[in-house]
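Have a look at the structure below before the remarks.
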Amino acid sequence: RMTQTKLDKKKLENYKKLLLKLKEDFLYDINNIAQGHNGGADSESRDVSGHVQHMADVATDMYDREFSLGLASNEREVLQKVDVALKKIKDKSYGFCGECSKPIPEARLKALPYVETCLKCQEKIESERR
């Protein structure tokens, strides 16, 4: 059985920085979405003169809002995973699959530092959901 030692301090420190940066970005995005700012251009292009907006524009606005809310809830989910990952760094269990306990390959951690499972287990979970 292949035994891999835990990630060394320097690597853990890097992942921690990465996760904290992600967390900051997500919180920033969520706050912006919550306040309904989706890009400065959008709010300026509104009809100031009080004319009734075209129905299609209203529908587009609704869709944008729905999409943003979906995005926000997805980001909240990721945010929770980021918090879990930060806890795992603290208690030194970071980098191991939550399902099979094997080390998660570093390439995967670099791409998704908050990932909780190895690819094999992730694929199993996904196929069970379908």
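A short reminder: the numbers here are calculations on the coordinates, not readings from a lab. Just so you know, these numbers come straight off a predicted model, no measurement behind them.
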* **Amide proton proximity set for PHE96, modelled H, under 5 Å, gap of 5+** => ILE104
* **J(HN,Hα) series, the stretch 113-130, from Karplus relation 6.51 cos²θ - 1.76 cosθ + 1.60, nearest Hz, glycine and proline x** => x, 9, 5, 9, 9, 6, 4, 4, 5, 4, 5, 5, 4, 4, 6, 6, 6, 5
* Structure fact -> Listed by chain and number, the lysines with an alpha carbon less than 29 angstrom from that of LYS10, same-chain partners under 8 positions apart left out, are LYS21, LYS23, LYS81, LYS87, LYS88, LYS90, LYS92, LYS102, LYS110, LYS120
* Asked: Tell me, what HN-Hα J-couplings in whole Hz come from the Karplus equation 6.51 cos²θ - 1.76 cosθ + 1.60 at θ = phi - 60° for each residue of the stretch 86-92, using x for Gly and Pro?
  -> 5, 4, 5, 5, 4, 8, 6
* To do: Return the sequence-ordered ³J(HN,Hα) values of the stretch 10-24 in whole Hz as given by the Karplus equation 6.51 cos²θ - 1.76 cosθ + 1.60 applied to θ = phi - 60°, using x for Gly and Pro.
  => 4, 5, 4, 4, 4, 5, 4, 4, 4, 5, 5, 5, 4, 4, 4
